[in-house]
Structure formats: C-alpha cells, structure tokens
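The values are calculated or read from the model by the stated rules, or taken from the named source; none is laboratory data. A quick note: this is a predicted structure, and the numbers were derived from the prediction, not measured. Note: ideal-geometry Cβ built from the backbone for every residue, glycine included; neighbour counts use all protein chains shown.
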Amino acid sequence: MLKILVIDRCHFTRTGIEALLNHSGTFNASFLVSGMNNLLLAKEHILQWKPHLVIADLYSFLSDPRASTPIAPFFMSCNTIPLILLQSGEREHIPAYDRQYTVHSVLSKRTALNELSDIIQDALRIRATLDTQKSVTPLLTPQEEKVLSLWMDGMGNKAIAAALGIHSKTAYTYKRNIRMKLHLGNRFSPFLSLPENKN
C-alpha cells in the first residue's frame, strides 16, 4: 500500500485527488491518502508518516504574509520524497525553492487527469527505486499492512481474523494500532472511505 500526502487548502482538490487515486481504475496499486490544509502540520506529518509521494498546492500559502516561515522547512522535510507542485493562481511556481530543493514536477491545476496520472506513476517509480536502497523500519508492521489492506476492502474484525488466522480481538487491536500510528481520529476516518461490513 502506497502512502500519498495531498496538501491543499481546497477541500475539493484533496478529495478529488483521493478519488483519482483510489476510484478511477487508473492505478494498479492501492493508496492510503492523507489530506492536509496546514503547512506546518504537513511538515510534521511528512517526517512521521514518510509518504511515498507528496502533492502540494503552495499558492494559497504563499499569499499568506507569514508564509516565509513554513515553506522552507516543508521543502526540507520532503528530502528524498518525490514532490509534485500544483499551481492554482496567477503567480508562477516557486523558482527559488526549485533550485534549492528537489521538485519532481510543477503542474497547473488545469492539467488533464491522464497527464497527472502519468506524472504520479512516474514519481512513484522513482520512489520505489529509492525505497529499495534504504533499510528504514516502516511505520506499519507487515501484519498491520495486511490488516489495513483487508480493512480498506471493507472487511470487519471477524472477516479479517478469519482471513489472517487470528482472533477477532487481535484484529481489533491491530486496527487500533494502525489508527494510532497513522494519526487517524476514529474508525470513520475519511482515509478509510468504504463502509465496513460487520462480518
């Protein structure tokens, strides 16, 4: 499961990209999409969650008179994570940061969805190459990743337990740990958009 962080003050952009990734049928992978509208919190989220890709529209943050403080740390937190910048306004993208930090692509928000999909896939291929070179402990254990995958398919505790050969209370504990590690508020988190079956 690939983790993608979408940073934008526009709710519709965040939910639209999540829908493109998980419901368009364009991608062969499954995604855990986290959306944020606060650049300072995004920096901390990137450092802890370690997404495979960050997609951000920084235009509204640049319009903020206090924007000079959070933008540089944001770029530094991305480090080796592929970053796709979206442009929503008249202002050009951030040329000073482009030279200093690595940006995979800069796109207009008017870019066609198939072009955006191709660029996302290219960025994820680059990240996959980087991931094979490092030996960092992942945020979720392999068993938690299996539970999360089944959970996102809409399976309940009993079905997850039967599929993995564990007790249903153990499945519940795994789900609780996943919510805590991924900073998901509750079982009805927007990142788990499918309804959960009771079985």
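Quick one: would you say GLN87 is in the same structural domain as GLN121 (by TED's automatic domain parsing), in contact with a Phe, Trp or Tyr (Cβ under 8 Å, 6 or more places away or on another chain) and modelled with pLDDT under 90? Yes: the conditions hold for GLN87. One residue stands out in the stretch 10-31 among those that are under 15 Å from the mean Cα position of the chain (by Cα), of a type outside the set (S, T, N, Q) and not in a helix (DSSP H, G or I): the one that is surrounded by the most Cβ atoms within 10 Å (Cβ to Cβ), namely PHE31.
A quick yes/no check of all residues on (1) in contact with a strand residue (DSSP E or B) (Cβ under 9 Å, 6 or more places away or on another chain); (2) within 21 Å of ARG125 (Cβ to Cβ); (3) among the hydroxyl-bearing types (Ser, Thr, Tyr); (4) at pLDDT below 85:
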site: LEU20; (1), (2), (3), (4): no, yes, no, no
site: LEU39; (1), (2), (3), (4): yes, no, no, yes
site: SER60; (1), (2), (3), (4): no, no, yes, yes
site: THR69; (1), (2), (3), (4): no, no, yes, yes
site: ALA72; (1), (2), (3), (4): no, no, no, yes
site: ARG91; (1), (2), (3), (4): no, no, no, yes
site: GLN100; (1), (2), (3), (4): no, no, no, yes
site: HIS104; (1), (2), (3), (4): yes, yes, no, no
